1. Take the residues of segment 78-110 that are of a type in the set (D, E, K, R) and either within 21 Å of Asp223 (Cβ to Cβ) or within 13 Å of the ligand (Cβ to nearest atom) (or both): which is surrounded by the most Cβ atoms within 10 Å (Cβ to Cβ)?
2. Return yes or no: is Leu217 closer than 19 Å to Lys69 by Cα, surrounded by 14 or more Cβ atoms within 10 Å (Cβ to Cβ) and aliphatic (A, V, I, L, M)?
3. Condition (residue is away from the ligand (no atom under 14 Å from the Cβ) and either in contact with a Gly (Cβ under 7 Å, 6 or more places away or on another chain) or assigned to a loop (DSSP other than H, G, I, E, B) (or both)) applied to segment 60-77: is it met by at least one residue?
4. Does segment 221-237 include one or more residues that are in contact with a Lys or Arg (Cβ under 6 Å, 6 or more places away or on another chain), farther than 22 Å from Val119 by Cα and not β-branched (Val, Ile, Thr)?
5. Are there any pairs, at least 6 apart or on different chains, whose C-beta atoms fall under 7 Å, with the first in segment 81-105 and farther than 12 Å from Arg131 by Cβ and the second among the acidic types (Asp, Glu), and if so, which?
6. When you go through (1) touching a helix residue (DSSP H, G or I) at 6+ places or on another chain (Cβ under 9 Å); (2) within 14 Å of the ligand (Cβ to nearest atom); (3) of a type in the set (Asp, Glu) one by one for Glu233, which number turns out not to apply?
7. Among the residues of segment 149-196, which ones are out of contact with any strand residue (DSSP E or B) (no Cβ under 9 Å at 6 or more places or on another chain) and modelled with pLDDT of 90 or more?
8. Working only within segment 197-213, note down all residues that are surrounded by 15 or more Cβ atoms within 10 Å (Cβ to Cβ) and aliphatic (A, V, I, L, M).
Amino acid sequence: MADKPCPPRSRIGVANFTLDRAVVVIDGMTPSPHDRSAWLQGPASPCDSVPRVNQPRRLVLLGAPGVGKGTQADLLHRVLGACHLSTGDVFRAAGSLSECEQSPAMKQALGYMRRGELVPDAIVCEMVRERSECLHCRGCFILDGFPRTLGQAESLKELLDGEGVMLTAAVNYDLATSEIVARLAGRRTCEKCRTVYHVTERAPKVADRCDRCDGKLFQREDDRPESIRVRLEAYDRSTAPLIKFYRDLGLLVHITATGSADEICARTISALAVRAIRSA
Ligand code: AMP
């Protein structure tokens, strides 16, 4: 049977990376607890509400894949109010579109992602530049998964300097490699509500089904063992030098990522509070 042509859609198109709000919802992505439309779908889809910020913080989260940055970003969002801005989430949202709805640049980006490789800087930086409104939103932000290379860090600095926005800190989460591999290989995500489980540490009540919505659990393509290895190598090669970059800027905060997610979050909040007092 011939492929059905793509139906025309009222696409809000700025450059290459904008998505259509309707598509994201139809594909079962529960809207996140905070409105991230402008981030997930692009600048032509502004957020309906700006988060109420308890303590203004503009953070970059660093650490190897699997260290728990996404979980921490969500918890920090709940405590601080700032928006959780993940570049991986933008790619995953684009991945839920049909092929003919993906721009050529996004298709290319998704190919890198599926192989567990980093998407080239030029593509990622352009995608973030398109969303620069989110960086000076009064809701503040927690960047998760960006920057990942020195080139991206330099590009972000240039963007923030140009917007007159100062980072509060770059938080680096530390964890042993063996523990990272165990965490990633066992991770499962609900395809409907995106709740994250772990086959042994946080197992669902019924195997492969979500406790919340009974959705089917899946393993992210880039969490398969062959992709994990590539991702950790990419991290060592490209992301570890960022630690020096942010240390030199006086922005680095180290956090040990052992223990429960709540404990790690509490550790982060108190380290940020100590830093705020010292720099006051
Ligand atoms: P994450 O959810 O942050 O682990 O990202 C999932 C995948 O998206 C990564 O393995 C990369 O393929 C791609 N990706 C996300 N953010 C970036 C980035 N800043 N630079 C390059 N690739 C990225």
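1. So in segment 78-110, the residues of a type in the set (D, E, K, R) come out as 78, 89, 92, 99, 101, 107.
Cutting the leftovers down to either within 21 Å of Asp223 (Cβ to Cβ) or within 13 Å of the ligand (Cβ to nearest atom) (or both) gives us 89, 92.
Working: Asp89: 20, Arg92: 18.
Checking each candidate, the answer is Asp89.
2. Details: closer than 19 Å to Lys69 by Cα: no; surrounded by 14 or more Cβ atoms within 10 Å (Cβ to Cβ): yes; aliphatic (A, V, I, L, M): yes.
No.
3. Within segment 60-77, the first condition is being away from the ligand (no atom under 14 Å from the Cβ), and the residues that meet it are 75-77.
So of that shortlist, the ones also either in contact with a Gly (Cβ under 7 Å, 6 or more places away or on another chain) or assigned to a loop (DSSP other than H, G, I, E, B) (or both) come out as none.
No, segment 60-77 contains no residue that is away from the ligand (no atom under 14 Å from the Cβ) and either in contact with a Gly (Cβ under 7 Å, 6 or more places away or on another chain) or assigned to a loop (DSSP other than H, G, I, E, B) (or both).
4. Going through segment 221-237, the residues in contact with a Lys or Arg (Cβ under 6 Å, 6 or more places away or on another chain) turn out to be 221, 223.
The next check asks that each one be farther than 22 Å from Val119 by Cα; those that pass are none.
Checked against the condition, which is being in contact with a Lys or Arg (Cβ under 6 Å, 6 or more places away or on another chain), farther than 22 Å from Val119 by Cα and not β-branched (Val, Ile, Thr), segment 221-237 yields no hits at all.
5. Filtered contacts from segment 81-105: His84/Asp74; His84/Asp144; Ser96/Asp27.
6. (1) is the only condition that Glu233 fails.
7. Thr149, Leu150, Gly151, Gln152, Glu154, Ser155, Lys157, Glu158, Leu159, Asp161, Gly162, Gly164, listed by residue number.
8. If the condition is that a residue be surrounded by 15 or more Cβ atoms within 10 Å (Cβ to Cβ) and aliphatic (A, V, I, L, M), then Val199 is the only one that fits.
The values are calculated or read from the model by the stated rules, or taken from the named source; none is laboratory data. On a predicted model such as this, the values are computed, not experimentally measured, just so you know. Neighbour counts run over all protein chains shown; Cβ positions are idealised from the backbone, glycine included.
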